[in-house]
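**Student:** Attaching a single structure in structure tokens format; questions to follow.
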């Protein structure tokens, strides 16, 4: 009787260990998030980006081609609120249409989830001519981010912005 009970307990332990392994297998290769998979709403209905439950490692958005003329400026808001730590690259491809392309770049962050106040500059860059420039942030702990493109001089310059975020592990 004692041997049967020991055998039963041993078999039950092997089964439990096997089941634990089956449900805790390492994940396969990770894929990029699509815009539909990234968004969810917080309590206020605002869209947020939170990788706490996601297995996919990065998010990317390519913005439409746009133009800055003379001393105009454009502001591109990151369309999500971040509730996890990220690193990111804000990249702009400039193409001179006429004059001398001269667009300065600035990335700003806010730790306030809504409204249009309390923005702080976290990265800057500038360039003339048809160039590609990237501003890399190795630690994005703010809630919201925006990219400001500021033209100077006499010019007409087209640009395309790309923003890529990667969750910090």
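The values are calculated or read from the model by the stated rules, or taken from the named source; none is laboratory data. As the structure is a computational prediction, the values presented were derived from the model and not from experiment. FYI the Cβ positions are ideal-geometry reconstructions off the backbone, even for glycines, and counts take in every protein chain you see.
**Student:** Taking the stretch 130-159, which residues are in a strand (DSSP E or B), farther than 13 Å from residue 68 by Cβ and touching a residue at least 60 places away in the same chain (Cβ under 8 Å)? It would help to see each step written out before you state the result.
**Tutor:** Let us first name the residues in the stretch 130-159 that are in a strand (DSSP E or B), namely 132-140, 144-151, 155-159.
Restricting the remaining residues to those that are farther than 13 Å from residue 68 by Cβ gives 132-140, 144-146.
Those that are in a strand (DSSP E or B), farther than 13 Å from residue 68 by Cβ and touching a residue at least 60 places away in the same chain (Cβ under 8 Å): 144, 145, 146.
**Student:** Check whether at least one residue in the stretch 48-63 is modelled with pLDDT of 90 or more and not in a strand (DSSP E or B), and report yes or no.
**Tutor:** Yes: one or more hits.
**Student:** Which ones in the stretch 98-121 are surrounded by 14 or more Cβ atoms within 10 Å (Cβ to Cβ) and within 27 Å of residue 69 (Cβ to Cβ)?
**Tutor:** Within the stretch 98-121, 99, 101, 102, 103, 104, 105, 106, 107, 108, 119 qualify.
**Student:** If you scan the stretch 77-86, which residues turn out to be assigned to a strand (DSSP E or B) and surrounded by 19 or more Cβ atoms within 10 Å (Cβ to Cβ)?
**Tutor:** Let us first name the residues in the stretch 77-86 that are assigned to a strand (DSSP E or B), namely 77, 81-82, 86.
Listed by number, the residues that qualify are 81, 82, 86.
**Student:** In the stretch 129-155, which residue that is over 27 Å from residue 115 (Cα atoms) and surrounded by 16 or more Cβ atoms within 10 Å (Cβ to Cβ) is nearest to the chain's Cα centre (by Cα)?
**Tutor:** Ranking the qualifying residues of the stretch 129-155, first place goes to 133.
**Student:** Out of curiosity, is residue 84 more than 22 Å from the chain's Cα centre (by Cα) and either at negative phi or modelled with pLDDT of 90 or more (or both)? Outline the logic, then answer.
**Tutor:** On the way: more than 22 Å from the chain's Cα centre (by Cα): no; either at negative phi or modelled with pLDDT of 90 or more (or both): yes.
Judged against the criteria, residue 84 is not a match.
**Student:** Here's a follow-up. Of all residues in the stretch 87-129, how many are touching a strand residue (DSSP E or B) at 6+ places or on another chain (Cβ under 7 Å), at negative phi, modelled with pLDDT of 85 or more and not in a strand (DSSP E or B)?
**Tutor:** 1
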